[in-house]
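Please read the structure below before turning to the comments.
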Amino acid sequence: MFWLNIKNNKRDNQLLEDPSYSAAVIIGEAKGPLKREIAEIWRHLDWSHPSVAFYGETNAGKSTLIEALRLLFRSHGDRPGESIGDGRPDYTRDTASHPCSCDDARFNLLDVPGIEGNEAKVAAEIESALHRAHIVFYVTADARPPQSSGGDKGRTGTLEKIKRHLKPQAKVWAVYNKKITNPRQISNPIVSEDETQSLAIGENSLDGKMREVLGNHYQGHVVLSALPGFLALADELPYDSRFAPQREKFLNRVNAEEMLAFSGIAEFGALLKREVPTQDQIAQANIRKLHPPIAKAINHLEQEAETQFGRPADELRKQLKKLGPELGLIADDASKAVSRLIDEVTNICIKNMRKKMLEEIDKGLSDDSALKKKIEEILAEEQVGLAKTINSKVRAAAENAYKSCKEALRLVEKYLKDVNAFNSKIFSLSFSHAVEVNTSSGIDWIGLTTAAAAATLLTGGVAAIIAGFGILLGAIRSIWNFFDSDYHKSQQKQELNKNLDEIKPKLRENVKQALQKVETDLRTHILGVIDPLQSVERNFEAAANSVRAAAGDLKSLAQNPSRICQYAESAS
Ligand SMILES: Nc1nc2c(ncn2[C@@H]2O[C@H](COP(=O)(O)OP(=O)(O)OP(=O)(O)O)[C@@H](O)[C@H]2O)c(=O)[nH]1
Ligand SMILES: [Mg+2]
């Protein structure tokens, strides 16, 4: 996973939260290896000379078969049999290319090192030979189908290797090389009934398994016996050839024609000649080689588009559809709580004023100007008191709303974890960041704990209340003359009560205006909780689309042979 490489780098980690950056990284990380792989294959492609590769397990008889064919096509140089192994694995280490001709057909026979030996030593040679080949013969000395790993993760089965190596080939044949040691076997049919069954009958036969892994590019199987074919054709062996005594042994029992007929080499040579690819087939076979890495990159990009971006975005969208109305309910609750405060705080304020002012009247201050001063002080005190009450009660309402929002976000997060949206590290980072923007600062969320609270949330509101108190002061002053000492306390009280009852609706109106501003601010804030998450959803959908588009570009590339060639050429 690419972010593991760079996770310790803070700058890159921040960039990772930006899905468009991550998408670009993912696309770059898919295209880099693709270009390298394509360039490597392109380097080995041969566009003019048809090449026929012989591939298969070590010791299967590939080199022996090629020796026999070179003799058949009279294209052998000196010392026939030199390339044949001595029975130990990995005899052929480097791919040998043997030019042959038959009538007007010219082609190369590629003697490829064997699989299933010490493959590390020959893997690169096998790969490059297969890149070069236009048709492949899978040579096996076993009539049974190649084995798969059977789920053993520790090793790659022969069948899996065949699939990986030969799937990109345009045409693949199987060759069963029947190894015989005794010349007497030549009088028997080359394969037994059991072997025929094992080669061709049913899904679990050699043909069945090969077709299963290679599809219709698999052409079928051929039976032959390479060594008798070679020995029959090797009539000019050097005297010191290790095959001379073996040839003698066979010729003592059967003649060369019988050996050749038994071996099936001549028929195989005829088939090979028929199968030599034309120029068009060469080009098709070559272009086919370039497909698997493109398909791999497409597949990788499509998967990444969904796991990293698409699926998390879909799941988040589903959740936001529910979160929107839920925030609406939370905002409604907060509104109700704030509206309820209108009467509550107005009543408290009037009650306090009434109580304190009546007390002052009862005290019977000697000087009426002292009483008036006291009344004005009470008014000023209650003005501050009212703002404080409003602040603390609004804060409680906001705290409740904050808790509900946090809980709603926690449920969204839990759901996203349950549906594995957080498997995308990029998404998990972005989501957590968006939630943090909303919640990490606790109640500072809406600036209520700071000294700036009144200046932010309550700006309009407090100003309205203060302006309202001016009206109250005026109203109280209108009954100033009742506070002269000529009036009885009971009269003063009666006037004050009357006056406060008149003031009350005006104060209520002021409080209402102040709280309406609070309510709007709070509602906007609660509903706004969804905004950063909506941005996450949009950004991830856009990132998914850009990775999908990159996969789409590669798909159209894969469908256009001349563009593939241009791409490969520029990659090289
Ligand atoms: N008896 C018998 N032995 C054979 C036959 N074909 C090949 N052999 C023997 O099998 C051994 C391996 O043959 P090679 O042709 O070198 O096998 P290879 O597939 O090229 O092996 P690598 O180069 O290691 O991949 C040699 O000792 C051959 O003599 C056959 O038809 N009959
Ligand atoms: Mg060999």
Per residue convex hull volume, Cα atoms of segment 324-402, in Å³
66
With +1 assigned to the C-beta of every Lys and Arg and -1 to the C-beta of every Asp and Glu, and no other charges, what is the dipole magnitude of segment 467-558 about the Cα centre in debye, to the nearest 20?
120
Show me the trypsin sites (Lys or Arg not before Pro) within segment 44-127 that DSSP assigns to loop and that have at most 15 other Cβ atoms within 10 Å of their Cβ.
74, 93
Using only Cα atoms, locate the centre of segment 128-142 and the centre of segment 284-322, then give the distance between them in Å, rounded to an integer.
32
Report the convex hull volume per residue for segment 51-276, counting only C-alpha atoms, in Å³.
120
Ratio of the Cα radius of gyration of the chain to 2.2 N^0.38 Å, where N counts its residues:
1.85
Within the chain, what is the longest stretch that has no chymotrypsin sites (Phe, Trp or Tyr not before Pro) placed in a DSSP loop and near at most 11 other beta-carbon atoms within 10 Å?
240-572
Gained length - residue 570 relative to residue 340, 0.36 nm times residue gap less alpha-carbon distance:
75.5 nm
Within straight cross-link reach of residue 403, meaning Cα distance under 19 Å, which lysines are found once same-chain residues fewer than 8 apart are removed?
322, 336, 393, 414
Quick calc, residue 432 & residue 380: beta-carbon distance into FRET formula, R0 41 Å, rounding 0.05, result 0.25
So which DSSP H runs in the chain come out at 27 Å plus along the axis (Cα) with average Kyte-Doolittle of at least 0.5?
459-477
Can you work out the base-10 log of I(q)/I(0) for segment 211-261 at q = 0.17 1/Å, using the Debye formula on its C-alpha atoms alone?
-0.57
Quick one: length gained pulling residue 392 to residue 39 fully straight, 0.36 nm per residue minus the C-alpha distance?
120.0 nm
State, as an integer percentage, the relative contact order of the chain based on alpha-carbon contacts under 8 Å between residues 6 or more apart.
19
Given a Förster radius of 45 Å and the C-beta distance between residue 118 and residue 549 as r, what FRET efficiency does 1/(1 + (r/R0)^6) yield to the nearest 0.05?
0.50
Between residue 201 and residue 155, what FRET efficiency follows from the Cβ-Cβ distance if R0 is 41 Å, with the result rounded to 0.05?
0.90
Straight-line reach check, residue 517, cutoff 14 Å on alpha carbons, 8 or more apart in-chain or any other chain, hits among aspartates and glutamates -> 509
Percent of Cα-Cα pairs per 5 Å bin, from 0 to the last occupied bin, for segment 458-572, please list those.
2, 9, 10, 8, 7, 7, 6, 5, 5, 4, 4, 4, 4, 4, 4, 3, 3, 3, 2, 2, 2, 1, 0
Under 25 Å from the Cα of residue 153 - lysines, other chains or at least 8 residues apart
121, 161, 163, 167, 209, 296
In nanometres, what is the gap between the two model label sites at residue 180 and residue 352, each 7 Å from Cα along Cα-to-Cβ?
11.6
Extension reserve of the residue 187-residue 273 stretch, reckoned as 0.36 nm per residue once the Cα distance is removed
28.2 nm
I'd like the GluC sites (Glu not before Pro) in segment 100-206 restricted to DSSP loop residues with at most 11 other Cβ atoms within 10 Å, sorted by number.
203
Antiparallel as a % of all DSSP beta bridges within the chain, to the nearest 5?
25
Would any residue of segment 399-427 have its amide N under 18 Å from a label point 7 Å out along Cα→Cβ of residue 542? List them or say none.
426-427
Helix-derived [θ] at 222 nm for the chain: sum -39500 (n - 2.57) over DSSP H runs of at least 4, divide by residue count, nearest 500?
-22000 deg cm²/dmol
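Values in this text are rule-based calculations from the coordinates and carry no lab data. Here the structure is a predicted model, which means the values were calculated and not measured. Ideal geometry is used to build each Cβ from the backbone, glycine not excepted, and the neighbour counts take in all protein chains shown.
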